[in-house]
């Protein structure tokens, strides 16, 4: 599996479709797999939703609930669920936009008889994200002209007939193709200000190498996205300044849920937890690839400008079991506490807060054994947070896998807080309440279960250390 697709909420269910090969664990025969959840934590797999058929693969896209039945595809007074996706015909390499619909809560699907609904005879035109734009009373599609580093915007009143509105780009990172755009409006924390966020995934050329995601902040009037002046005072890669979604190597094709109830007042998303540099080589069997945990997305005013922030969706707390709390102290005492409480495991959530040091490196090793570990820490000399998987056991399956990945401390203060989710083969690190995130997969040895803090023994102070054992989401 790879990209998440068609994220939509309807009648108490979160739908997650995704790029899927039903016949193997490498890319091919692209179809839409399907899972649903009532709580974003426990997922039920459903039958294949949109299969490859008649020489046409089902590439990435989105789904909406057509509440007003603008498409006329609904039945019995119920709104249809409509999927909008890229049809790919390998024989001619043409990518066009198609739709399908469901009248039974996404359990079965019918491909629209007059597909494609947009065809510009392009070989690089894909990944439509569609939403209803209430002020202008029409559907809006953001779709990528991948090789041209552009996002196109189309409008429709019925999801079938589309008119070109505008284009955005090239801008930001352009070292690789642009894919999987998303567009949504958020309120800046603590204010009444609103901004639109345009997400563009890029492969290769991301901040951590290979595939990753960038975003732009600006205004959208239903027809055109205009980036805020000066909003891209950002981290550059190869001379290209961009705002990055995740500083780790394994967060790609991030896309948000449509139709979350307005009463919740939040934007939820997740991403594919891998990287095209090595995604088809990872040493797992019989499965290959996974999604990140769901995250809540917001905007925060920082010294550098308005920035995207991400936090673990609150539903993740449902997996917490016993909580262990360290009352504070030096590094040696904290490690004694970890050992005394037998804190170890491959499913953990931890929050650790380090007091600022004038120099040096400190952090926490997870999935640790006598031979290997994954290290997460703060480099005070460079003012960065990092994930280091160079010694995480299985690293030789691809020359581009091993590495150390950094995120800047954008506003270094007296303390740095790391909120870490450890799973059997991944870590997700949220820095300072989501100001930056690092996501990395890791393939430790079977005995790698310990947790250990590292740093200057004589002066490293741990002000907060909370650890939870986590239940399996499969139970």
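Assorted remarks:
- Of the set (1) in contact (Cβ under 8 Å) with a residue 60 or more places away in the chain; (2) in contact with a strand residue (DSSP E or B) (Cβ under 9 Å, 6 or more places away or on another chain); (3) assigned to a loop (DSSP other than H, G, I, E, B), all apply to residue 108 but (1).
- One residue alone among 29, 42 is touching a residue at least 40 places away in the same chain (Cβ under 8 Å) and either in a loop (DSSP other than H, G, I, E, B) or in the same structural domain as residue 117 (by TED's automatic domain parsing) (or both), and that residue is 42.
- Qualifying residue in segment 119-135 (condition: closer than 16 Å to residue 8 by Cβ and surrounded by fewer than 23 Cβ atoms within 10 Å (Cβ to Cβ)): yes
Each row is one residue, and each column tells you yes or no for (1) under 21 Å from residue 123 (Cβ atoms); (2) touching a strand residue (DSSP E or B) at 6+ places or on another chain (Cβ under 7 Å); (3) surrounded by fewer than 19 Cβ atoms within 10 Å (Cβ to Cβ).
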residue: 8; (1), (2), (3): no, yes, no
residue: 14; (1), (2), (3): no, yes, no
residue: 18; (1), (2), (3): no, yes, no
residue: 25; (1), (2), (3): no, no, yes
residue: 31; (1), (2), (3): yes, yes, no
residue: 40; (1), (2), (3): no, yes, no
residue: 45; (1), (2), (3): no, yes, yes
residue: 48; (1), (2), (3): no, yes, yes
residue: 63; (1), (2), (3): no, yes, no
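- Among the residues of segment 285-340, just one is crowded, with 17+ Cβ neighbours inside 10 Å and on the phi > 0 side of the Ramachandran plot, namely 289.
- Strands (runs of 3 or more DSSP E) fully within segment 364-427 counting 3 or more residues that are over 23 Å from residue 345 (Cβ atoms) and in contact (Cβ under 8 Å) with a residue 24 or more places away in the chain: 404-408
- Selected residue [in contact with a strand residue (DSSP E or B) (Cβ under 9 Å, 6 or more places away or on another chain), closer than 30 Å to residue 179 by Cα and modelled with pLDDT under 95] from 305, 298, 329: 305
- Residue tally, condition over 29 Å from residue 302 (Cα atoms) and assigned to a strand (DSSP E or B), over segment 442-466: 5
- Any hit, segment 288-299, residues being part of a loop (DSSP other than H, G, I, E, B), assigned by TED's automatic domain parsing to the domain that holds residue 199 and over 12 Å from the mean Cα position of the chain (by Cα): yes
- Condition check for residue 242: buried (at least 22 other Cβ atoms within 10 Å of the Cβ), at pLDDT below 95 and more than 27 Å from residue 136 (Cβ to Cβ): yes
- Within segment 428-457, being free of Cβ contacts under 8 Å to residues at least 60 places away in the same chain and either touching a helix residue (DSSP H, G or I) at 6+ places or on another chain (Cβ under 6 Å) or crowded, with 19+ Cβ neighbours inside 10 Å (or both) holds for 431, 432.
- Only one of the listed residues (144, 71) is touching a strand residue (DSSP E or B) at 6+ places or on another chain (Cβ under 7 Å) and surrounded by fewer than 21 Cβ atoms within 10 Å (Cβ to Cβ). That residue is 71.
- Residue count for segment 428-441 under the criterion of being under 27 Å from residue 287 (Cα atoms) and either more than 16 Å from the chain's Cα centre (by Cα) or in a loop (DSSP other than H, G, I, E, B) (or both): the result is 0.
The values are calculated or read from the model by the stated rules, or taken from the named source; none is laboratory data. Quick caveat, the model's predicted, so the values are computed rather than measured. Positions of Cβ are backbone-derived with ideal geometry, glycine not excepted, and every protein chain shown enters the neighbour counts.
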